[in-house]
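Worksheet for the structure shown next.
A short reminder: the numbers here are calculations on the coordinates, not readings from a lab. Remember, predicted model here, so these are calculated numbers, not experimental data. Cβ atoms come from the backbone with ideal geometry, glycine included; neighbour counts cover every protein chain shown.
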Amino acid sequence: MTSNLKIAIRFTLITTVLLGIIYPLLVTAFAHLTMPSKADGQLIVRDGKVIGSEIIGQNFTGDTYFHSRPSAAGNGYDAANSSGSNYAQSNKKLVDRIQGDVATYQKTEPGKPVPIDLVTTSGSGLDPDISPAAALYQVHRVAMARHLSDASVETLVQTHMQGRQFGILGEPRVNVLELNLALDDAASQH
Amino acid sequence: MTANGWLQILIFLAVLIALMRPLGLYMARVFEGERTFLDPVLRPVERTLYRLCGVKAEVEMGWREYGVAMLLFSVVSLLLTYLIERVQHILPWNPQKLAGVEQALAWNTASSFTTNTNWQSYVPETTMSYFTQMVGLAYHNFLSAAVGVAVAVALVRGIARKQSATIGNFWVDTTRCILYVLLPLCLVIAPLLIGQGVIQNLHPYTTAQTLEHAATPQTIAQGPVASQEAIKMLGTNGGGFFNTNSAHPFENPTPFSNFLEILAMFLIPAALTVTLGKMSGSSGHGWAVFACMLLLWFVGVFCIYASESRPHPLLHGVDQHVSASQAGGNQEGKEVRFGITGTALFAATTTDESCGAVNGMHDSFTPLGGMVVLSNIMLGEIVFGGVGSGLYGMLVYVVLAVFIAGLMVGRTPEYLGKKIEAFDVKMAMLYVLIFPVVILILTAISVLAPQMGLSSLNNNGPHGLTEILYAFTSAAGNNGSAFAGLNANTHWYNITLGFTMLAGRFLMMIPMLAIAGNLAQKRSVPPSPGTFPVNSSLFTILLTGVILIVGALTFFPALSLGPILEHLLLQHGILF
């Protein structure tokens, strides 16, 4: 018993150094030598300022931008406080929230059913993507607000659609931040 | 459900089956102490470690000493992690200047990670420093997994050996599992994950001037995620670096990273069935056990996939159809990039074993989808199961199945040449009973105590009961996933769940080691015409039946008051 206790104490300390310190620092060093941008979170820098991460969603509320999904992270897209709503399907708050958002969207698109992902919160509250259906749904609103033709905005959406990875895995999607940046870029060129 | 969805599931299965056999045979060599291709590099490290720790590698232990060593190590490492959490504010790698962790939470978290549960009552981004995550928590991801494998291997030795007083050396089994299995696989998986976009740094959180709201900047949490993510999945730990675990884009950025993470969860537990076949000398038996696991896994995936694809019955003006341009179905708590398929596959896998990582919020699943993930844990996570714990949990059911088959024909049951006697069956029943007793009693107390139990609920009605039931099931099963709406960061839940996790781990490991020790010392009897073959499809069916009957008899009443009732009420338009 006492000999096993001595071993237990030494074993804990030595393996802590190996697995808790050497291993993660080794991986960190490797990541920074080979894939520095990915290791730092694929940050997007414009005019010397970080404006976000390619793979972390942001909140968009104006008509001139495509909207992300609703978010339960903090006050919405709080990337230091990720969270889902954790509402059950039988929770009245869920149904009320969805119907409220549907009513807002249908103001500009009367009677047109809203794609489900556009009115549901994601698991992380930081989903960078919406479905192609949810992007196409917003084309008319964005085009009107920016005084562009529906066709030109739809073309932009089409070019930003990502298919399934390797043609098989996951679901088709549109990265909202990238799409909105492209919208701004297109506007500044005119 | 779509053709592409099924294709994704079948590809996953094909890759798993292709990889499990070589890995299983390799692990058999590792635990038999034979030479492996990594020996030139790792053997010197292994020897140095034994020398520094004072381990006598050639001396084997009986089951009692093996158990004592396991417990002593768990206590020491638990205390170290508790200490690290409490004083993290004076330790390095804390760029966010987070304070020391409060007592009850620190206790709960240390128990949680030591027992391979990785239940998380806290929001990691705002609670745990990088040092605590790396040195306190990710460390246990390695060790709790290695301890689980060690106990499983000891049990397999017990089955395989004849008239032996010992079942191996705990320190050697644990060390070899870390050095030869977990560490090399992590060094392969972590870079692959970084390549997909999982972050790995020690920077302070980033402040971003967002496109539309530059005045209210977005703070983006950072950290050494990939190194922890690899072992979190591989060791079936499941404790997220971030609050939302593998739903967070920095933990699981792409469909391929999702595929890798699911594969990493399943790989070692599936391979251990091959190791069982190899070490026990009956590869047919390994496959029969694998077939039973595969069947139960597949049924789970199918049920969750089907259930989550269904539209919510009470929504108007919403397009919930599955089509080429959207995944449809129940999207609350799911990420667009994974869709229903990627979430269902992940959810079934993480609860079939004791992983508990999530890439979607189980609390927001449809009532029946949520019931399946809960039932998976209730069956004891023996479908591939946790690293090690799944195999030994399954072997308990194997002992029971053999025992029941023996009763049916009126013979003393045998298992791979060993007579199964009263002591073995008593220990197996102890294992089967401790689990529901802990879960059901503590759930009942929580429900009856409004101040302590019910005030934490996020959803009312039958779903509230399911939240509490899920919490104790997850803790007892050392799963760690949650119906996360329940606020478990209270004194009541932190303390009771902490004890539940310890009971679910150690009260179940010790009967296991007792069976191992008892089987090891028995003589082997040659098979006779009356021996029930444990490598046949009939055995697979009987084993599946025993698992389902024990599980259903134990938990059906509780399930009928939770998810089943919620489903029926929802179909009638009743909300809470």
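Here are some notes:
- When the charge dipole of the protein assembly as shown is built from unit charges on Cβ atoms (+1 for Lys and Arg, -1 for Asp and Glu) and taken about the Cα centre, the candidate among B:Thr81, B:Gln326, B:Ala247 whose Cα reaches farthest toward its positive end is B:Thr81.
- Per residue, the average separation of C-alpha pairs within less than 8 Å and at least 6 apart gives chain A a relative contact order of 19 percent.
- Taking a ≥ b ≥ c as the square roots of the eigenvalues of the Cα gyration tensor, an a/c ratio of 1.5 or more together with a/b no larger than b/c marks segment A:87-190 as oblate.
- Each semi-axis of the equivalent ellipsoid for chain A is √(5λ) with λ an eigenvalue of the Cα gyration tensor; in descending order they amount to 42, 23, 14 Å.
- Here the average projected area of the convex hull drawn through the C-alpha atoms of segment A:1-40 stands at 2.9 nm².
- Radius, Kirkwood style, for chain B when every pair of distinct Cα atoms is counted (Å): 24.1
- Dipole of segment B:410-530, positive direction: furthest Cα of B:Gly461, B:Ala476, B:Pro511, with charges on the beta-carbon: B:Pro511
- Lysines whose Cα lies under 28 Å from that of A:Lys92, excluding same-chain neighbours fewer than 8 positions away: A:Lys107, A:Lys112, B:Lys334
- Here the dipole of the protein assembly as shown is about 2380 debye; that uses its Cα centre as origin and unit charges on the Cβ of Lys and Arg (positive) and Asp and Glu (negative).
- Computed about its Cα centre, the charge dipole of chain A is approximately 700 debye, with only Lys, Arg, Asp and Glu carrying charge at their Cβ.
- Here's the picture: charge each Lys and Arg Cβ at +1 and each Asp and Glu Cβ at -1 in segment A:41-189, and of A:Leu43, A:Ile116, A:Asn91 the one pushed furthest to the positive end of that dipole is A:Asn91.
- Think of it as helices only: each DSSP H run of n ≥ 4 in chain B is worth -39500 (n - 2.57), and spread over all residues that comes to -19000 deg cm²/dmol at 222 nm.
- Rg(Cα)/(2.2 N^0.38 Å) for segment B:371-427, N = residue count: 1.30
- Relative contact order (percent, whole number), chain B, Cα cutoff 8 Å, 6+ residue spacing: 19
- Taking the Cα centre of segment B:279-380 as reference, the dipole from Cβ charges on Lys and Arg (+1) and Asp and Glu (-1) amounts to some 120 debye.
- Per-peptide average of other Cβ atoms within 10 Å, ordering B:429-436, B:323-330, B:181-188, B:497-504 highest first: B:497-504, B:323-330, B:181-188, B:429-436
- With Cα atoms as the point set, the radius of gyration and Dmax of the protein assembly as shown evaluate to 25.8, 89 Å.
- Cross-link check: pairs A:Lys38/B:Lys232; B:Lys56/B:Lys419; B:Lys278/B:Lys418 evaluated at a Cα-Cα cut-off of 24 Å; pairs beyond the cut-off: B:Lys56/B:Lys419.
- Helix A:176-189 axis versus longest C-alpha principal axis of chain A: approximately 50°, rounded to the nearest ten.
- Computed from Cα atoms, the angle from the helix A:2-15 axis to the main principal axis of chain A rounds to 40 degrees.
- Prolate/oblate/rounded call for segment B:207-362, Cα gyration tensor, a/c under 1.5 rounded: oblate
- For segment B:358-396 versus segment B:483-515, the spacing of their alpha-carbon centroids is 15 Å.
- Taking chain A as a Gaussian network of alpha-carbon nodes connected by springs under 10 Å, the highest mean-square fluctuation of the residues A:Ile130, A:Ile56, A:Ile22 belongs to A:Ile22.
- Among the trypsin sites (Lys or Arg not before Pro) within segment B:251-359, not one is in coil by DSSP while having at most 11 neighbouring Cβ atoms inside 10 Å.
- Extent of segment B:233-312 along its three principal axes (Cα atoms, max minus min coordinate, largest first): 46, 31, 19 Å.
- Remark: the Cα gyration tensor places segment B:389-571 in the prolate category, a/c being 1.5 or greater and a/b exceeding b/c.
- Per-residue [θ]222 nm for chain A (sum of -39500 (n - 2.57) over DSSP H runs n ≥ 4, rounded to 500): -13000 deg cm²/dmol
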